[in-house]
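Here is the structure we will look at, set down as C-alpha cells.
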Amino acid sequence: MTHLSSSVATRTTARRPSRWRAVLRELYARPASALGTTIVLLFILLALFGPLIAPYSATQQIPSEARQPPSPQHWFGTDRLGRDVFSRVVLGARDILALAGLGTLLAVLIGTTTGLFAAYRGGWLEEGTFRVFDSLLALPALLLALLLLGTLGASRNGVLLVIVVVYTPIVARVVRSVVLGAKSKGFVEAAQIQGESTGHILGREILPLVLPALTVEAALRFSYAIFLVASLGFLGVGVQPPSPDWGLMVSEARSYAALTPWALYFPAAAIALLVVGVNLAADGLKRAMQGAA
Amino acid sequence: MAPVLQIDDLTVSYRRGNDWLDAVCNASLRIESGETVGLVGESGSGKTTLALAALRYLPENGAVRGGSIHLAGRDLLACTPAEMQQVWRGQVRLVPQNPLVSLNPAMRIGPQLAEALPSTPSLRARRSNPDAAVLDALAAVQIADPPAVARSYPHQLSGGMQQRVMIAMALLGEPSLLVLDEPTTNLDVTTEAVILDLVRDLIRQRGTAVLYVSHNLGVVAGLCDRVAVLYAGELVEDAPAADLYRRPLHPYTVGLLDSVPRLGLNRRQAALQPIPGSVPKPDERPAGCVFAPRCSAAIDLCQQRPKASQAAAGHTVRCHRWAEISAGDVMLVAREQTFEVAENLEDREASGDTVLAVLELTKRFDRPRGLADLLAGRPASQVRAVNGVSVQIGRGRTLGLVGESGSGKTTLARCVVGLAERSGGEVTLLDLPLAPALNQRGPATLRRLQMVFQNPDEALNPYRTVGQTLTRSLSRLAGLGKAEAQQRAGQLLALVKLDPSYLDRLPGQLSGGEKQRVAIARAFASQPDLLLFDESVSALDVSVQAAILNLLSELQDEGQTAYLFISHDLSVVSYLADEVAVMYLGQVVDAGPAARIFQPPHHPYTAALLSAIPVLDPTAQRERIHLAGDTPSAAAMPSGCRFHTRCPRYLGDLCAQQEPPWRDAGDGRWIRCHLTVEELM
C-alpha cells in the first residue's frame, strides 16, 4: 500500500510539468505559433537584459550627432535631440512589457476571483457584478482610458489602472461562462454534498477547468494591453517624456517624419512586431490547449 | 428481384492522424423489400456507422475501405455525387436520433417538409400543390392538427411531435429504404410507445423496407422481422426476430438478453447476469474473435477470427462454438439462472426502522417577473415542481421512484439531499429533522446522506485522479487522516470491484461504467445511511448496467444502506426496489411494494407506463394504452387530478375539478384516483 501511495504522489507531481511541456511542444509544432513564441521570448530577453545590450542610455542627448540616419554607431539612427533610437527601443521593451504584463496579470487575478465568486454564488451578486462589468464593456477602451487618465492625471500607475479596469470585465466574463457550465456538473454537486467550502470548490474543483480558457484569454489580453499602453503613450496621456516609451517615441517623431523617419519607423515596427508575435503565440496556445484537453 | 439493400463484406474506417480505425469490419447484411431489420448494439459497436455507410452518408473522416453496397441492384459505391443526390432524394431516407438538430430552427415545418418532396417526374403533379402533400404527410403520422403544425417552428413542438415530423419528412420521399437511427432514444416511454406503434403501422401500410438502429433489444423485438446484432464493429448474429430471442446462438446475444432486467424480476429473486468488461475501443479490438475477452465460453480456438456460419435458414452467427451452444453442450455462465432466493421479504421488514421520512414535501420555483408583470404589479408566478409528496424508506431497503421527464422525481431527490431548498414539508433522517439548506446541515448529517448522479462523464473531476477524489471524500466525510484515507481508498475501489491500480488514473482513462463505479465508491466513503441515485445507470449500456445493479444490490446487503433509486425505466426500478412510487407532475399517484406494482389494480398512468415498456419477446401480444398529447408543463398545471388531460379513463368534471382521493388497494398498495379499486381492476 505504501509503495502505491508514494507512486500516486510521484505521478501527480510529474504530471503537471509534462502537461506544460506538451503545450510548449505544440506551440513549436506550427510555424506561425513557433515564430510568435520566438518573437515574444526575444522581447522578454530584451526587457531583461536591455541595459546590457543598449550602447547608450535612453536619455543621453548628443546634440552633435542629432538627426543621423542608421549607421554602425547608431544602428537605428538618432532622433532630433541626438538620442540613440536603438538604445531607446531596446530600453523601452522593459517598460511596455512590464506595464502591459503587470496590468494583464492584475486584470486576470481580479477578473478570475470576481468571476468565480459571482458566477458561482449567482443571484443578486452575479447580477450586480456583471451589470457593472457590462457597462464598463459598453464604453470603448480608449474612451474609458482617456476619461480615467484625464481625472487621475497621466502616470504609470494610471496606465496600470486603465488596463485593469478595461480587461477585468472581459476576463470575468470568460471565467463566468466556464463556471456556469461547471456548476451543475456531478463532481461539483458531489463536493457540495460533502460539505466542501466555497473556497475549496472554486479553487480545487472549478479553477482547473477554467485554466485552459484563462491562459489563452490572458495571452490575448496581454497583446491588447501592449497596444493600449502604446496608444496611450502616443496620445500623450500615458507614460511621460523623457521615458523611452514606444508610443511616445512614435508620437514625438511624427512631427519630424520627413527629417528623421527612422526615429518613427523603428519604435512603430517594435510595437507591431511584439503585438503580432504575442497574437500568434496566443493563437498557438489556444490550439495547443485544445489539443491537450 | 434484387434485395432492397445488400451489403457484402463491408469495412468502414475512420481516419485518425495517419491511421485508419476500423469501425465496422466485414459486415454483410441484406434487406428484402417490405422487410424490417433491426440493427442492435451497445455504444461504440458501430451501428450508426454501418447505417450511415449503407446510405453513403459518412462524415468527412470516414470511408468505406472494402466490400460493396447495392441498393436495389445498383452499386452505390460506384455512384457519382450527382447520382447519390438522386438516390438520397428518392430512394433512401434517414430519420436521425435528434430531431431538434436536424430540423432547421428558423424555418416553419410546412416549407421545410415541402423541401423534402422528391423531384421525380411522376410526382410533378403533386409538386404543383405541395401544401396538400405536406398536410397529408403530417396527417399520416397521426398529427391531430396538420395545418397548425405546418405553421409552427420546430422549437414550438414537443420531442415526440418533432420526431413525427421527421418521420413524415422521410416518408414524403416515398423511399424504398427507410433508415431510422435510434428515433425514440430521447423520448419518454409513453411517447416512445406511440412512435413505435406509428412506425409499425406505417411500414405495414406502405411496405417500405426499414433498417432500424437501436441499442434497445426490447424496442426492436416488437417491430422487426429480422434482427442483426453488432459487437465492436462485427455482425455477430443475424436471425429472424422470433429465432433470435428464443434461441440466441452467439454468447454476446445471450449475454445481452440476460443483462436486461425482465419486467417484474426483483433482485431478491435472482441476480442479473452482466457481461464482464466493456466494449473494446476500435484501436484495441482483439485480433481473434472480438468477443473472446468477455466470453465465458472462450477456448483457444477463439484466438482465431471466426467465420460467419449458417446455423439455420436465415440465421447466421459468427462464433466458433455455435453448434455446441445450439446443442446445449456449452453452458454459458450467463445462461444458468442461479436463483439465489434471498430471505423472505417478511423477514427483512421486521428489522426496518425508518431511515428517511418525507412528509408533504413541496418545491416551488419562482419564475422571474417580466417588466410587464412589474408594471402591472403582478406577483411572481410560481412553478410547483413537487407538490405534497410523502415517502418513507426503511433501513437496508430501496424505494424506487419512477416517472417521466417533468414528473419532479429529480427535484424531490435534490430537496432531500439539500442541493435544492424545499419550500414546504418535513424531512426526517433517522428521526432527526433535516434542515432544508445544505449549509444548515452539520457534518454528521452530510455523512449520512450521499448521492450518485446521472452522467458518469461529469461525475468525477477530470483533472483529479481517482485516488485524489476518493481520499478527499474519505478525509472530509469519514474524518480520516491522510495515510489512513489513502489506504481506505484502495479498499473502497475493491468494494466496487475495481483494481487498486485505478487510484492513479484520471477519469478520462476510465469507461463510463468504471466512472460510475468510482462515483459509487465515493458515495460509500462515509458509509452513509441513505444513498440517492438519480438515473445513475440510465446512461450505461445494458451489459454494464446489469453489473452496476448487481453491485448496488450486494452493497446494500452488506451495509444495510437505504436507497432512493430514481429512474424512468420501470423494469430497472422494479428490479432493485422493495417499494415503488410512481410520480406524475410533482405528485405520487401510485405506490406500493415492488411485487404488487405489476398486478392490477393500476392507476391509469401506471397502466399506461407498464403497457409502454418494450418487452424482449417478438411474439408477445399486448394492448398498448396510448396517452393523448404530451405531459403538460408544470407552469400550466391542470386542475383537479393532474392526469385528467391525458387519462384514458377520464370521468368528466369530477376529475377536472377535484383532487382525487387515495384508495387502499390492499397489501400496502395505494392509488390516487377517483375510480374505486374495483373499477381499476
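Worth a mention:
- Every condition in (1) among the β-branched types (Val, Ile, Thr); (2) within 20 Å of B:Pro661 (Cβ to Cβ); (3) out of contact with any strand residue (DSSP E or B) (no Cβ under 6 Å at 6 or more places or on another chain) holds for B:Val582 except the one numbered (3).
- When A:Leu285, A:Leu274 are checked against the criterion of being within 16 Å of A:Leu99 (Cβ to Cβ) and under 18 Å from the mean Cα position of the chain (by Cα), a single residue qualifies: A:Leu274.
- When B:Val589, B:Val544 are checked against the criterion of being in contact with a Ser or Thr (Cβ under 9 Å, 6 or more places away or on another chain) and closer than 21 Å to B:Ala193 by Cβ, B:Val589 stands alone in meeting it.
- B:Ser501 satisfies every condition listed in (1) more than 22 Å from B:Pro276 (Cα to Cα); (2) within 12 Å of another protein chain (Cβ to nearest Cβ); (3) not basic (Lys, Arg) except (1).
- Hey, B:Thr631 part of a loop (DSSP other than H, G, I, E, B), in contact (Cβ under 8 Å) with a residue 60 or more places away in the chain and either at negative phi or surrounded by fewer than 18 Cβ atoms within 10 Å (Cβ to Cβ) (or both) or not: yes
- Taken together, B:Gln454, B:Gln450 contain a single residue that is closer than 21 Å to B:Thr354 by Cα, polar (S, T, N, Q) and within 11 Å of chain A (Cβ to nearest Cβ), which is B:Gln450.
- Put simply, of A:Ala98, A:Ala145, A:Ala141, A:Ala93 the only residue that is surrounded by fewer than 15 Cβ atoms within 10 Å (Cβ to Cβ), under 21 Å from A:Ile271 (Cβ atoms) and at pLDDT below 95 is A:Ala98.
- Residue that is farthest from B:Glu558 (Cα to Cα), among those in the range B:504-528 that are within 9 Å of another protein chain (Cβ to nearest Cβ), surrounded by 21 or more Cβ atoms within 10 Å (Cβ to Cβ) and among the hydrophobic types (A, V, I, L, M, F, W, C): B:Ala519
- Of all residues assigned to the range B:276-294, at least one qualifies as being under 25 Å from the mean Cα position of the chain (by Cα) and charged (D, E, K, R).
- Test result for A:Gly77, touching a residue at least 60 places away in the same chain (Cβ under 8 Å) and farther than 29 Å from A:Ala219 by Cβ: yes
Quick grid of which residues meet (1) under 14 Å from A:Thr113 (Cα atoms); (2) surrounded by fewer than 21 Cβ atoms within 10 Å (Cβ to Cβ):
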{"position": "A:Arg131", "(1), (2)": "no, yes"}
{"position": "A:Ala154", "(1), (2)": "no, yes"}
{"position": "A:Tyr167", "(1), (2)": "yes, no"}
{"position": "A:Ser184", "(1), (2)": "no, yes"}
{"position": "A:Glu217", "(1), (2)": "no, no"}
{"position": "A:Arg221", "(1), (2)": "no, no"}
{"position": "A:Leu232", "(1), (2)": "no, no"}
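- Residue count for the range B:380-399 under the criterion of being touching an Asp or Glu at 6+ places or on another chain (Cβ under 7 Å), part of a strand (DSSP E or B) and under 22 Å from B:Gln556 (Cβ atoms): the result is 3.
- Test result for B:Leu477, within 7 Å of chain A (Cβ to nearest Cβ), of a type outside the set (Val, Ile, Thr) and more than 13 Å from A:Gly195 (Cβ to Cβ): no
- Filter pass, A:Leu116 being farther than 19 Å from A:Leu220 by Cα, surrounded by 21 or more Cβ atoms within 10 Å (Cβ to Cβ) and either among the aromatic types (Phe, Trp, Tyr) or more than 14 Å from chain B (Cβ to nearest Cβ) (or both): yes
- If you go through the range A:215-247 and keep only what is at pLDDT below 90 and of a type in the set (D, E, K, R), you end up with just A:Asp245.
- Filtered residues of the range A:189-218 (kept if touching a Ser or Thr at 6+ places or on another chain (Cβ under 9 Å) and under 18 Å from A:Leu97 (Cα atoms)): A:Ala218
- Residue within the range B:434-442 that is more than 8 Å from chain A (Cβ to nearest Cβ), closer than 16 Å to B:Val391 by Cβ and hydrophobic (A, V, I, L, M, F, W, C) present: yes
- Pair list, Cβ < 8 Å and 6+ apart or interchain, from the range B:655-681 residues that are within 12 Å of B:His603 (Cβ to Cβ) to residues that are polar (S, T, N, Q) and in a loop (DSSP other than H, G, I, E, B): B:Arg663/B:Thr676; B:His674/B:Gln658
- Lone qualifier among B:Ala413, B:Ala437 - being touching an Asp or Glu at 6+ places or on another chain (Cβ under 7 Å) and over 29 Å from B:Leu570 (Cα atoms): B:Ala437
- In the range A:38-52, the qualifying residues are those that are surrounded by fewer than 14 Cβ atoms within 10 Å (Cβ to Cβ) and in contact (Cβ under 8 Å) with a residue 12 or more places away in the chain, and the one that is nearest to A:Ser243 (Cα to Cα) is A:Pro51.
- Pick from the range B:575-628, criterion surrounded by fewer than 24 Cβ atoms within 10 Å (Cβ to Cβ) and hydroxyl-bearing (Ser, Thr, Tyr), ranking: modelled with the lowest pLDDT: B:Thr619
- Search result, residues across the range B:457-474 that are under 13 Å from A:Glu196 (Cα atoms) and within 7 Å of chain A (Cβ to nearest Cβ): B:Ser473
- When A:Val188, A:Val175, A:Val171, A:Val250 are screened for being surrounded by 20 or more Cβ atoms within 10 Å (Cβ to Cβ), free of Cβ contacts under 8 Å to residues at least 40 places away in the same chain and more than 10 Å from every other protein chain (Cβ to nearest Cβ), only A:Val250 passes.
- Of all residues in the range B:402-436 being of a type outside the set (Gly, Ala, Ser) and assigned to a loop (DSSP other than H, G, I, E, B), the one that is surrounded by the most Cβ atoms within 10 Å (Cβ to Cβ): B:Arg422
- Some residue of the range A:155-167 being under 18 Å from the mean Cα position of the chain (by Cα), among the hydrophobic types (A, V, I, L, M, F, W, C) and within 11 Å of chain B (Cβ to nearest Cβ): no
- Of all residues in the range B:67-88, exactly one satisfies the criterion of being part of a strand (DSSP E or B) and under 18 Å from B:Leu171 (Cα atoms), namely B:Leu71.
- A:Glu205 at the interface with another protein chain (Cβ under 9 Å from one of its Cβ atoms) and either among the hydrophobic types (A, V, I, L, M, F, W, C) or surrounded by 18 or more Cβ atoms within 10 Å (Cβ to Cβ) (or both): yes
The values are calculated or read from the model by the stated rules, or taken from the named source; none is laboratory data. Here the structure is a predicted model, which means the values were calculated and not measured. Glycine also receives a Cβ, built like all others from the backbone with ideal geometry; neighbour counts cover every protein chain displayed.
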